[in-house]
1. Where Lys and Arg each count +1 and Asp and Glu each count -1, what net charge lies around Thr197 among other residues with Cβ under 14 Å from its Cβ?
2. Which distance in Å, rounded to a whole number, links the C-alpha centroids of segment 81-101 and segment 183-200?
3. Taking only Cα atoms, what is the 0 to 90° angle, nearest 10, from helix 20-35's long axis to the longest principal axis of the chain?
4. Report the antiparallel proportion of the DSSP beta bridges in the chain as a percent, rounded to a multiple of 5.
5. Could you provide, to the nearest whole Å², the per residue accessible area of the chain with probe 1.4 Å?
6. Could you give the size of the charge dipole of segment 16-233 about its Cα centre, using +1 on the Cβ of each K and R and -1 on the Cβ of each D and E, expressed in debye and rounded to the nearest 20?
7. How high is the relative contact order of the chain, in percent, with contacts defined as C-alpha pairs under 8 Å that are six or more residues apart?
8. Tell me the carbon and sulfur percent of the accessible area for the chain, rounded to whole percent, probe radius 1.4 Å.
Amino acid sequence: MTEAPPHAETDASPRLFDSPDWLYLLREFFALYRNGSAGGSRLIRSHRKRVREALSHVIEANPVILARPQEAKPVTAHLSRALDLGERGAVSGMARALSRVTQGLTWEYGYEKVPKALARKYAYCEVLGPRGPVQADRLILGFVLFAPKTTYPQHSHSEIEESYISVAGAWSENDAAVHAPGSLILNRPGEEHRITTADLDPCLLAYAWVGPGDRLSAPGMKLTSTRKARMLQGI
Ligand SMILES: [Fe+2]
């Protein structure tokens, strides 16, 4: 008999409703995408709705929880501080719910080649998606964590619509504005974006990706080359 790989579904895999910490975390996501304002933007309103609909389908299906190996990265040394800040801010319920599942998080880079400076200051973890831990095909939910004073280089996501909601820390995208906890930013498929974070505190963002199932299971993330990024920015 061959043994199943560690994160494959088995009859003994727990389901979402047997795992209240994961369920409450997903409900926090649902509440964020339901209760926040779209700021009058039709595109943001429809994105929020798409995330809610995909998420409520997942919750209703009571999917299995695929345990993935816990993995840390250098930046996860800043997670406790980010959660402390988050618990004092506008998205405190999410920060608290995330703090209950930190033992089950797989922090990763998502790029084959990660610039050295970025490898010390950035990582993300998925909480729902094709690779689990909560299994879903059409939606990925997760968190991205940045150390203070980080630049996350320019990149885009083909066919994937992405939103970030700030949980802790101040940050800026494409030098356009400073976003505080509770703010939502929408990046449409293919839109180039670059993130910078504040000098003293880490920054924790919740994110959602909506897109075709095959793209979500193999997003092929690539940083835009510095030369191309400068051209796109007109410098
Ligand atoms: Fe992005």
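1. Here the count lands on +1.
2. Cα centres, segment 81-101 to segment 183-200: 20 Å.
3. That works out to roughly 40 degrees.
4. Numbers: 37 of 40 bridges.
Restricted to the chain, the bridges split so that about 90 percent are antiparallel.
5. 51 Å²
6. Values: 28 positive and 22 negative charges, 92 e Å.
So the magnitude is around 440 debye.
7. That works out to 19 percent.
8. Working: 5960 of 11880 Å².
Carbon-and-sulfur percentage of accessible area, whole number: 50.
The values are calculated or read from the model by the stated rules, or taken from the named source; none is laboratory data. Just so it is clear, the model here is predicted, and its values are computed rather than measured. As a convention, Cβ positions derive from the backbone with ideal geometry for all residues, glycine included, and neighbour counts pool all protein chains shown. Ligands, DNA and RNA are excluded from the accessible area calculation, which covers all protein heavy atoms including side chains. Shrake-Rupley method; radii C 1.70, N 1.55, O 1.52, S 1.80 Å.
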